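The values are calculated or read from the model by the stated rules, or taken from the named source; none is laboratory data. Here the structure is a predicted model, which means the values were calculated and not measured. Note: ideal-geometry Cβ built from the backbone for every residue, glycine included; neighbour counts use all protein chains shown. Keep in mind that these areas ignore ligands, DNA and RNA; they rest on the heavy atoms of the full protein, side chains included. Shrake-Rupley method; radii C 1.70, N 1.55, O 1.52, S 1.80 Å.
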Amino acid sequence: MDLSVTKSKTETLDLTHSGAMRDPELRHNVEKWWAHQRQEAEWAREDRRLEEEAERIRLGIRAGDAETGEEDGDLRAKIRRAVRELGKIAWGWEDRGFSARREPAPVPLSQTPNSQPT
């Protein structure tokens, strides 16, 4: 998919959201829907059987642990790779070693795409 298509879809989603927030009844329905989605997501994350089945079919989302050497779940790892690739394409980001660590390694300001020479 072309990045311009993704950008257009993102802008449309933003405008749709803004429009929904202006109408009190629609805003109430949107907030109710998202609350329900949050609750379902919480239930799914807490369900060990679901986590095991997701891992079995390669859709696992568990976070890895660098100290124990445990890798991220398959789906989480795929998403991280996709985000890294999009970052490289769109903003020239470099892979900063996301693997199982919670935070990316710091990058000196001189290496960021929009930095100004000092």
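Could I have the simple spin-label model distance between R48 and I89, label points 7 Å from Cα toward Cβ, reported in nm to one decimal?
4.0
Sorting S8, S18 by accessible area (1.4 Å probe), largest first, what list results?
Largest accessible area first, the list is S8, S18.
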